[in-house]
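The values are calculated or read from the model by the stated rules, or taken from the named source; none is laboratory data. Just so it is clear, the model here is predicted, and its values are computed rather than measured. Protein only, heavy atoms only, side chains kept; ligands, DNA and RNA dropped before computing areas. Shrake-Rupley method; radii C 1.70, N 1.55, O 1.52, S 1.80 Å.
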Amino acid sequence: MNQHADTAISGGTWMATLSSLAGVVTLDRVYMITALAGLVIAIFGYLDKRRTEKLKRKEIEQNMRSEQERLELDRVRAQAVLDYLNGSRDSPAVQKSPEVIQGINKVLDSVKE
């Protein structure tokens, strides 16, 4: 056999083998880089979601606290109004109210005439 022909064929075979390995390695690197970028994006998305949920929980708790404070102030205000109304029954103005109404009616009657 021709030694030169065997070397040429063998060299071509090695060249094709190395080229195919380089292509496979490059393709694998592209896939791995793409997968790594996807992993980083997924992790950042997860962390952002947790942060957003934590802020929402904090806002809901703050709204609940402010609602409770508002309800407590409403109770205090209502009790103050009830205390005032209960105390005003005993005032002299309430006892004089029929006299005042009669006086107003007299003035209105005199104006009509």
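Quick look at the values:
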read-out: Subset tally (residues that are at pLDDT 90 or above, of a type in the set (Asp, Glu) and open to solvent by 100 Å² or more (accessible area, probe 1.4 Å)) for the stretch 62-93; value: 1
read-out: Residue within the stretch 29-46 that is open to solvent by less than 90 Å² (accessible area, probe 1.4 Å), modelled with pLDDT under 85 and in a helix (DSSP H, G or I) present; value: yes
